[in-house]
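Data first, discussion second: the structure below is written as structure tokens.
Please treat every number below as a calculation from the coordinates, not as lab data. None of these values were measured; they are calculated from a predicted model. Quick reminder, even Gly has a Cβ in these numbers, built from the backbone with ideal geometry, and neighbours come from all protein chains shown.
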Amino acid sequence: MTPVDLPSVLYRQMPEVHRDRDNPRRAADGTVVVPGDMARLLQVAGDLQQALYRTLRQRYQDLFPDQEGQDEFGMWRGCQPWVLPYLAQLLDVVPMSPLEAGQRAEIANAVPWRQRKGTTAGIEQIAAAVSGLTTETQEGWRLVALTPRAGFARLPAASFGEAEPRLATVAMKNSPGLGPLYATHPGLPNGTVDLRRHSRAVRVTPGTAGAETTTFGNDEVSWRQASRHGAPCLPDSYQDLSARTADLRTPDWRRGHVHPRRVVLHAAPFDGFFDPQATSVNWTAIQDAVTGTAPLPPGLPLTLLRGDGGAVTLRGTTPSPVKLRGIARLEDARPWTFENLWFDNELQVVAGSVRLVGCALRRLHLMLPASHPVAVDARACLFKDLLAPRAAVALEYVTVLERLVAERLTASDCILMQFPRKDLPLADTDVPRSGCVRFSRVPEGPAKPWQSDLADSDFRVTSNCTQAAPVFVATVFGSPGCAVLHPAAPAALRFGAEDGGEQGACHDLRYTLREQAVLDKLRDFMPVGMEPVLVPDTSLRCKPPRAC
């Protein structure tokens, strides 16, 4: 909606005789250069009314916490962020999500969630809103092995989306080698798996009895469980319904799930920097535009900005990093900035400095002829190899999977899989000439905390660093989940950053805080004594097969 220009409205509403007698200064073509006295007077009154109008309109918009963002005129379409804590206090809501969108959802759904407290549908809605996770819920009591008892009604097989099994006598007569089929009834309490059949999720038509709907990637799929008592094809996943003895151990991501007082939320691990459906662009298609003066080819999800001193900024516009194929080589001595990009091969810098934000690079190789003050400045990035001899490197929230070479290194809240070195080829006693590493994961190396064994080095590793070994969802560069901390990772990494978040490249994505927020939030929306457990489940990345 176009905002009302009240000064112009007031001027147009004045009688025409007064507008004709106004004394504006005009140019030769008749256009007004300086407005007249009456126009300037009405401008002052109109500006005040304009401010009052925008204030009243914004007060109305602040009543809608589920809407966010600004329009092209700077007006908020919904509640302003600073109003959220006041609305939360009014509704007695304690926001847990580290994301602004999650906090908006917590406030907007305060009443509906309380009405659905304790239901599996409400639990999945809370998990999706607070963390952005797509979860599939299993109630622990349904997984506990039970003994069949007389007098309890059994649901018909049709309520599970399956055909009613035939009686044992009919089954054995028609198929003597198959045995009694009535034991496959999905409503029977069972403590032993039926090895004659496999159990897994299968896709069905929406609306089928017993079907559930789950989002796989960007697609909503209806599915149901086939052969509930069969041998599970994917053990310990959301498709595993095999009954077991109650597990009395303290629950975590891999144990303590089968218990009447547990609710298990299976969630697909975060993809991190590598979306399986990421947009791919060849470097040769944009090389002339980035390194020269040509425009970017149309239709690409990239923006190119040029600044003072020849500075160049290339930014990906998709939610996940845009994949750039081929070797990228930069030979001009200018400031280079890359944001939200995935360099799948190698980025070679012969001259200039590089600033990286939210990028993933298989290899960054600086081939500078002489020492450079700050050649690499990276924030929230992932590297497989970072090779910058004769250069200073500044890292914040960065994960380096393999080699890190820098003459001077400053790093904060990072995960380094190898101890940093100064030159190529690598030497066991070689450390950067100067610098400091703080609040990071650094393996054991020549430089001990607060000191260095080498007289010619002023490199320090502070005592707030850790040597705990990280556990990632995936370790292969380019695969979904690479460098994403697994729930099995030590707490020193998951919550070891200076601000209490996770160390490494996914810090700004707040994965660990989002996972913890789900558990903290659900404790207030579940019956007393019930405990939620969050379990990573890679099978939720793939759609189930269709039912035969």
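For the reader, a short list of remarks on this structure follows.
- Compactness of the range 280-469, expressed as Rg and Dmax over alpha-carbon positions, Å: 16.9, 56
- Relative contact order (%) - criterion: Cα under 8 Å, at least six apart; region: the chain: 11 percent
- Pairs of Cα atoms nearer than 8 Å and 6+ residues apart set the relative contact order; for the range 280-469 it is 11 percent.
- The range 6-61 - Rg and Dmax from Cα coordinates, angstrom: 14.1, 46
- Placing R0 at 45 angstrom, the Cβ-Cβ distance between Leu300 and Trp82 gives a FRET efficiency of 0.80 after rounding to 0.05.
- With a Förster radius of 22 Å applied to the C-beta separation of Thr120 and His198, the computed FRET efficiency comes to 0.35.
- With the convex hull drawn over the C-alpha atoms of the range 270-322, the volume per residue is 87 Å³.
- Residues in the range 510-548 reached by a label modelled at Ala110 [backbone nitrogen below 18 Å; 7 Å Cα→Cβ]: 521-526
- Protection proxy ranking, peptides 342-349, 405-412, average beta carbon neighbours within 10 Å, highest first: 405-412, 342-349
- Estimated Rh, the chain: Kirkwood, alpha-carbon pairs, angstrom: 28.3 Å
- Taking each residue as 0.36 nm, the span from Ala27 to Ser463 lengthens on full extension beyond its C-alpha to C-alpha distance by 149.8 nm.
- Per residue, the convex hull volume that the Cα atoms of the range 478-548 enclose (Å³): 150 Å³
- The Asn282 and Met367 beta-carbon pair, evaluated with R₀ = 35 Å, returns a calculated FRET efficiency of approximately 0.95.
- Label-point gap, in nm, between Glu402 and Asp508 - each point 7 angstrom along Cα→Cβ: 2.5 nm
- Taking the range 6-61 and dividing mean pair separation by its residue count, relative contact order in percent (alpha carbons under 8 Å, at least six apart): 39 percent
- Each 10 Å bin from zero up to the one holding the largest Cα-Cα distance in the range 178-332 carries the following percent of pairs: 8, 23, 21, 14, 13, 13, 6, 1, 0.
- Estimated purely from DSSP H runs of n ≥ 4, each contributing -39500 (n - 2.57), the mean residue ellipticity at 222 nm for the chain is -5500 deg cm²/dmol once divided by its residues.
- Amide proton proximity set for Ala268, modelled H, under 5 Å, gap of 5+: Thr134, Asp537
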